[in-house]
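Single-structure report; data block below.
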Amino acid sequence: AQTVTQSQPEMSVQEAETVTLSCTYDTSESDYYLFWYKQPPSRQMILVIRQEAYKQQNATENRFSVNFQKAAKSFSLKISDSQLGDAAMYFCAYRSAYGNKLVFGAGTILRVKS
Amino acid sequence: KAGVTQTPRYLIKTRGQQVTLSCSPISGHRSVSWYQQTPGQGLQFLFEYFSETQRNKGNFPGRFSGRQFSNSRSEMNVSTLELGDSALYLCASSLTRGQGSPLHFGNGTRLTVT
């Protein structure tokens, strides 16, 4: 079975600074996808960024980028120029290439200080 | 395009009762997945439906069931409610299965069992 581990229950960052959220996963599959989701107090899960395991290039989406290390099974999220609206719970998630089941990590609460 | 709609937003039930939650996916989406979110257990996969067939099921007791209709709308039912069933139930829809097809989440139904 696949597992996802987020070792940082909570992180803080100053507005306009950069923060990195950590995620490791375990799987025996070779074909899969990794995601970072954001859940603000409104409760809706919002997709931040997606990485295909077969792609060596790290995904980027505006101020959000990932550091995907497939051999180490590591998938960290870097948020640059942090904004107050980035404050939320962030979840790392794994998904096999062959279905739609997401396996989530425990989440990291990100606080942004002004 | 309307997003994923979950009804009701909030629900209060008594132990022993049963409850039905509804999820309307994004128009054209054929896959619907359900997740339970609690502070203690985090986000856990309940089940996935595609073209009216259950394709995957999480590790939950038989009290949890679901179905999908021909218009892709889905319902999940919990019978003989227990206090531990109090949770946020999230529904996600996707155009298809696998291939990294993005999952879009609804705002969830907050169930409180007293």
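Rule-based calculations on the coordinates, nothing more; no lab input. Worth saying up front: this structure is predicted, and the values here are computed from it rather than measured. In this analysis, Cβ positions are derived from the backbone assuming ideal geometry, glycine residues included, and neighbour counts consider all displayed protein chains.
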Original post:
Going through region B:77-90 one residue at a time, which ones are closer than 25 Å to A:P41 by Cβ and either touching a Ser or Thr at 6+ places or on another chain (Cβ under 7 Å) or within 7 Å of chain A (Cβ to nearest Cβ) (or both)?
Top reply: B:S86, B:A87, B:L88, B:Y89, B:L90
**OP:** Considering every residue within region A:65-86, establish whether at least one is touching a residue at least 60 places away in the same chain (Cβ under 8 Å), within 18 Å of A:P9 (Cβ to Cβ) and within 14 Å of chain B (Cβ to nearest Cβ).
**Re:** no
Subject >> Qualifying position, being within 21 Å of A:Y98 (Cα to Cα), in contact (Cβ under 8 Å) with a residue 40 or more places away in the chain and outside any loop (DSSP other than H, G, I, E, B), among B:S101, B:S93 >> reply: B:S93
**OP:** Select from region A:47-63 the residues that are of a type in the set (K, R) and within 11 Å of chain B (Cβ to nearest Cβ) and write down the one among them that is surrounded by the most Cβ atoms within 10 Å (Cβ to Cβ).
**Re:** A:R50
Subject >> Flag for B:N56 being more than 14 Å from B:P25 (Cβ to Cβ), surrounded by fewer than 16 Cβ atoms within 10 Å (Cβ to Cβ) and within 14 Å of the chain's Cα centre (by Cα) >> reply: no
**OP:** Look at A:N58 and say whether it is more than 21 Å from B:F105 (Cβ to Cβ) and under 12 Å from the mean Cα position of the chain (by Cα).
**Re:** no
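Among what's in region B:1-39 and is over 17 Å from A:S42 (Cβ atoms) and touching a His at 6+ places or on another chain (Cβ under 9 Å), pick the residue that is surrounded by the fewest Cβ atoms within 10 Å (Cβ to Cβ). Lay out the reasoning, then the answer.
If we filter region B:1-39 for residues that are over 17 Å from A:S42 (Cβ atoms), which is where we start, we get B:1, B:11-34, B:36, B:38-39.
If we keep only those that are touching a His at 6+ places or on another chain (Cβ under 9 Å) too, we end up with B:25-26, B:29.
Values: B:P25: 27, B:I26: 17, B:H29: 19.
Only one residue tops the list, namely B:I26.
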Original post:
When region A:90-114 is examined, which residues are found to be assigned to a strand (DSSP E or B) and in contact with a Cys (Cβ under 7 Å, 6 or more places away or on another chain)?
Top reply: A:C92
Subject >> Residue count, region B:65-90 (criterion: in contact (Cβ under 8 Å) with a residue 24 or more places away in the chain and aromatic (F, W, Y)) >> reply: 1
Original post:
So which of A:R111, A:R95 is in contact with a strand residue (DSSP E or B) (Cβ under 9 Å, 6 or more places away or on another chain), among the basic types (K, R) and under 24 Å from A:Q57 (Cα atoms)?
Top reply: A:R95
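Taking B:N71 as the residue in question, decide whether it is surrounded by fewer than 16 Cβ atoms within 10 Å (Cβ to Cβ), of a type outside the set (D, E), in a strand (DSSP E or B) and more than 14 Å from chain A (Cβ to nearest Cβ).
Against the criterion (surrounded by fewer than 16 Cβ atoms within 10 Å (Cβ to Cβ), of a type outside the set (D, E), in a strand (DSSP E or B) and more than 14 Å from chain A (Cβ to nearest Cβ)), B:N71 does not qualify.
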